[in-house]
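Step one of this worksheet: look at the structure below.
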Amino acid sequence: MRGGPLACHPIARLDCRGGRTLLKPIISWLHLSDIHFGHGSAAHGWNQHLVLSCLQADLTRVRTRGVPPPELILVTGDIAFSGATRVRDGQAESTEYQAASQWLRNVGQGLGIKPSRIFTVPGNHDVQRSADHEPAIARLVEDVREGRLELDAALADPRRRALLARRQAHYLAWAAGFAPACTGTAPAPEERLFWTHRLELPGGLGLRLVGLNTALLSADDADRGRLWLGTEQLARALLLPPPEPHECIVVLSHHPFRGHWLADEQNADAWIRNHAHLHLSGHVHEADSEQARSGAGGSFVRVVSGAAHGEQTATGGSPGHGYNLAAVFLENGGQLVLRVWPRRWSEKNKTFVEDQDNVPPGQPYSEHPLNLKRAPARAPPSKPLPEPRGAPGSHAYDIALSFAGEDREVVEHCARRLSDAGYRVFYDLWEQHTLWGKDLTAHLDEVYRGAARYCLLFISKHYVEKSWTRHELRSAQAHALRSHREYILPVRLDDTPLPGVPDIVGYIDLRTHSVERLVQLLEKKLGPAESRRGREEAHEDVEALLQSTEAPNRLRGLMKATRAKDPRHLARLLEILGTDEVPRLREQAAMALGELRDPRTKDCFLAALEDSAWEVRSQAGWGLVHLGEAVREDVLQLAKLSKNPHARLMAQLVLNRL
C-alpha cells in the first residue's frame with residue numbers, strides 16, 4: 001500500500017528523519033520588498049521591467065516544484081523611489097505608484113489574489129521628502145528625530161499627526177486601493193499610518209497581520225539611529241483587539257529591528273519578540289531568516305526579504321534582486337511550522353534561482369517551528385435562539401426594507417421620508433460600508449430576523465423571482481413565528497402572490513395609496529421615533545455648529561455630522577465642502593458626505609477632486625468610490641480632461657478602486 005489519504009495531497013508529506021507528518025499549509029504568502037518604482041535612469045527603468053517580468057515568470061515555475069501557491073501578498077515597503085515626487089523626462093507627473101499598482105495587480109491576478117489580500121507598509125523611499133520644505137513639518141520631524149519631542153506625543157496631537165501623514169500622502173492614497181484599507185470604509189489618512197487586520201484560518205486558528213510604520217521620520221541618508229517606532233504602534237498592534245489564545249501574530253515593517261535603524265530598536269524588538277511569532281521586513285536588500293528565542297522560552301522568527309529590484313553594489317558588484325515565498329504548515333501533533341523558500345537573482349542566467357546561501361544544504365527551504373499550536377478540537381457550542389425583542393430600545397433599526405432592485409425608486413422615496421421623520425431605517429444603499437466584506441447571507445439573516453422592530457416587504461413580480469429577497473423573507477418569517485405581535489408589513493406593488501404571506505394578511509397597496517400616505521401610516525404604526533426629541537435636538541445642535549462663524553465650532557459640527565449620518569445635513573455639508581476656506585473643514589465635510597452615500601453628492605465630490613488640499617481630494621475620492629459604478633463615466637471624463645494633474649491622479653485612483 002502506497003499510503004493513506006495524506007498521500008493524495010501534493011503538499012502533505014512524511015518527514016522520515018523526524019517522524020512528522022505535515023498537513024497542507026493553513027496560510028501561505030509572497031513576501032516582496034524594496035521594488036523602487038521610478039528609480040534611476042531610463043536604462044535602469046527598462047532593467048526593472050525585465051527583472052520584474054522574470055519574477056512573475058518565476059512565480060509560475062516555483063508553483064510546479066511543491067511550493068504552496070500564495071494566498072496573500074505582503075509588501076514591506078519602498079514600493080516607490082521618491083514617494084511619487086520624482087518626474088522623469090517627458091512626463092507631466094510622477095507615475096511611480098501607477099506603475100506599482102499595475103504591476104502588483106498583475107502579479108495578484110496571475111496568482112488569483114485580489115487587492116483585498118495584498119497588504120503593504122511604507123518604506124523610507126515612500127516618503128515625500130519635498131514635504132519637509134514646509135517649515136512646520138521640517139521642525140516637527142527634526143524635533144522628534146533629535147528626541148526633543150516624543151513620537152507618541154506628536155501622534156496624539158491631531159495637527160501634528162496630520163503633518164506626519166502629509167509626508168506619506170501619495171503612498172497613503174495609493175495604499176487605499178489595497179489591504180487593509182480597501183476591505184472596509186477607509187478612515188482618514190492620518191488614521192492609516194499603521195494598521196492591524198485579522199483573518200480566520202482553518203483549525204480554529206487566527207492570523208493577526210500587523211503593519212508598523214518605521215518610516216514616519218525617514219528624511220535622509222543619516223536616518224540610522226534617528227528613526228522612532230514609539231509605543232502607540234506597539235500597543236495598538238498587540239492589544240487592540242486583545243489577541244486570541246490561538247492567534248498567529250505576523251508583524252510587517254520596512255526596517256528590521258536589528259542594525260540600529262530605530263532609536264528605540266531594543267524596546268520594539270523586545271515587545272515583538274516576546275508577543276509576536278513572525279517579523280517580516282526589508283530595507284537591507286539582503287535576504288535572511290532566523291529563529292530566535294523569546295523571553296517566554298518560545299520561538300520567534302525574523303524574515304528579511306531581498307530587494308525585488310536592487311541596485312548595483314558600491315564596488316560594481318551584481319545587484320541582489322530577490323523575494324521570498326512562505327507558508328505555515330500544521331503538523332499532525334498540532335504544532336505550527338514556518339517554511340521559507342528564498343529566491344535570488346542569477347546575473348549569469350538572468351533568472352531567479354534558489355537562494356542556496358539561506359537554506360540548509362540539499363533543501364530548497366528553511367524551516368522554523370513557531371511558538372503556537374492549533375486549538376484542541378471541540379464541538380461547536382449550541383447557539384440558542386435569541387429571545388424575542390419587544391422594547392424599541394433593543395433594536396438597531398425601527399424598520400428594515402426588503403425589496404427587489406427593480407423597485408428601488410419607490411422604496412428609496414419611502415426610506416428618505418422615514419429617515420427625515422427621525423426613524424432608523426435599514427436600506428441597503430445606506431449600509432454599504434457595513435455590508436462591505438461581510439458574509440451577506442449571515443449578516444442579512446441577522447438584520448431581517450429581528451434587528452428591526454418591523455420588516456416592510458415590497459411585494460412584486462420581481463420580489464418573488466429574486467433569490468436574495470427569498471432569503472430575506474425566510475429570515476423575517478422565522479422572526480415573525482417567534483414574535484408575539486405583527487412583524488412583517490406587506491406593501492403590494494402588483495398582484496403577484498407571495499408564497500408564505502397569505503392573502504388574509506393586511507397590506508397596503510401602493511397602486512391606490514401614495515408614498516406619502518404609506519409613510520403617514522407607518523408613523524402611526526411605529527409610534528414616536530425612539531429618542532426622536534433627542535435626535536431633533538441633536539440635529540438642531542449640529543446645524544447651529546455648522547453655521548457658526550468660528551472654525552473650531554464648525555469642525556465640532558462636522559465631526560458630529562459624520563457620526564450622525566443624517567441626510568438632513570446634506571445641504572450645509574455640500575456648502576462647506578464647496579466654499580469653506582479651511583482645508584481641514586473641507587476634508588471633514590467630504591468625510592461626512594461620504595458617510596451619507598447619497599447620489600446628490602456626486603457633482604460636489606467631482607469638483608473637490610480639483611481641491612488644492614490632498615486630504616480633501618482623498619476624502620472626495622472615497623466619497624465617489626462609495627457611490628459605486630454610477631459615477632464611473634464622470635470620473636473617467638475627469639481623469640481624461642482635467643488640466644489639474646492632482647485631480648487626474650486622484651480620479652485614476654478612484655477608477656482603480658471602482
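The values are calculated or read from the model by the stated rules, or taken from the named source; none is laboratory data. Keep in mind the model is a prediction, meaning the values are calculated, not measured. Please note: Cβ atoms are built from the backbone with ideal geometry, for glycine as well, and neighbour counts cover all protein chains shown. Note: accessible area is taken over every heavy atom of the protein model, side chains too, but ligands, DNA and RNA are not part of it. Shrake-Rupley method; radii C 1.70, N 1.55, O 1.52, S 1.80 Å.
Ignoring aspartates and glutamates fewer than eight residues from residue 466 along the same chain, the ones with Cα atoms less than 16 angstrom from its Cα are 406, 407, 428, 445, 494. Taking every protein chain into account, the accessible area of the range 572-650 amounts to 41 square angstrom per residue (probe 1.4 Å). Pairs from the list 560/643; 524/565; 438/565 with a Cα-Cα gap above 26 Å: 560/643.
Computed in the context of the full set of protein chains, the accessible area of the range 509-658 at 1.4 Å probe radius has 52% of its extent on carbon or sulfur.
Sorting 257-265, 361-369, 25-33 by average packing, meaning the other beta carbons within 10 Å per residue, from highest down gives 25-33, 257-265, 361-369. With the Cα gyration tensor of the range 411-496 giving a ≥ b ≥ c as the square roots of its eigenvalues, does the rule (a/c under 1.5 for rounded; else a/b larger than b/c for prolate; else oblate) give rounded, prolate or oblate? Rounded. To put it simply, the accessible area of the range 208-264 at a 1.4 Å probe is 60 percent carbon and sulfur. What is the range 162-282 by shape, rounded, prolate or oblate, if you read a ≥ b ≥ c off the alpha carbon gyration tensor as root eigenvalues and call it rounded for a/c under 1.5, prolate for a/b larger than b/c, and oblate otherwise? Taking the square roots of the gyration eigenvalues as a ≥ b ≥ c, the range 162-282 is oblate. Taking amide H as placed 1.01 Å from N in the peptide plane, the amide H of residue 94 sits under 5 Å from none that are at least 5 places away or on another chain.
Look at where the Cα atoms of the range 58-120 and of the range 456-483 average out, and the two centres are 44 Å apart. Calculated on the Cα set of the range 600-645, radius of gyration then Dmax: 9.8, 26 Å. For residue 72, nonlocal amide neighbours, meaning residues 5 or more places apart or on other chains whose placed amide H falls under 5 Å from its own, are 28, 29, 30. Among the GluC sites (Glu not before Pro) in the range 579-658, those placed in a DSSP loop whose Cβ has at most 16 other Cβ atoms within 10 Å are 581. Averaged over its residues, the range 416-487 has an accessible area of 43 Å² per residue, based on protein heavy atoms and a 1.4 Å probe. For the range 142-266, the solvent-accessible area of protein heavy atoms averages 37 Å² per residue (probe radius 1.4 Å; ligands and nucleic acids excluded). The length gained on full extension between residue 439 and residue 43, counted as 0.36 nm times the residue separation minus their Cα-Cα distance, comes to 137.8 nm.
Heavy-atom surface analysis with a 1.4 Å probe gives the range 96-139 a carbon and sulfur content of 51 percent of its accessible area. Sparse packing (at most 16 other Cβ atoms within 10 Å of the Cβ) combined with a DSSP loop state is found for the following chymotrypsin sites (Phe, Trp or Tyr not before Pro) in the range 439-527: 507. Calculated FRET efficiency, residue 481 to residue 198, Cβ-Cβ distance, R0 = 45 Å: about 0.80 to the nearest 0.05. Where a ≥ b ≥ c are the square roots of the eigenvalues of the C-alpha gyration tensor, would you call the range 80-125 rounded, which needs a/c under 1.5, or, failing that, prolate if a/b is larger than b/c, or oblate? Oblate, because a/c is 1.5 or more while a/b does not exceed b/c.
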